[in-house]
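Contents: one structure, followed by commentary.
Quick note: the coordinates plus some simple rules give every number you see, no bench work behind them. Quick caveat: nothing in here was measured; it's all calculated off a predicted structure. A quick note on method: Cβ atoms are made from the backbone with ideal geometry, for glycine too, and the neighbour counts reach across all protein chains shown.
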Amino acid sequence: MLKEFKDFILRGNVLDLAVGVIIGGAFTAIVKSLVDNLINPLIGIFATDGALAKLSFKLGNATFAYGEFLNDVLNFLITAFVIFILIKTINKLFSANKTEEEEEIDEEIETLKEIRDLLLKNSK
């Protein structure tokens, strides 16, 4: 059972997932810092109290902090856009490599067919 667990943990998919989660956490911190320290001050120029996260309104005794919500939506959109760009780039790289490999395989097959035909011709 211990060997099976070790095999499971050391499989490529599990390790890839672990690395992805760790990098995702670090990336989220970077995006949060980008929004909090660079984008919010720019938006704050146009807001009355200087920061997006501080925007709110009161209705009776309830306070609605819509600025925090907008801040989180902005973090999500930036993260999603960067991931989209990364996946698109990776897909382009892999499709380019796949095309080169297919062309190389086709050339090898053609060469092998020629050799086969020459051997058949010489054997007659």
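Positive contributions from Lys and Arg (+1) and negative ones from Asp and Glu (-1), summed over other residues with Cβ under 15 Å from the Cβ of Glu114, come out at -2. Length gained on full extension, Asn37 to Leu59, computed as 0.36 nm times the residue gap minus the Cα-Cα distance: 5.0 nm.
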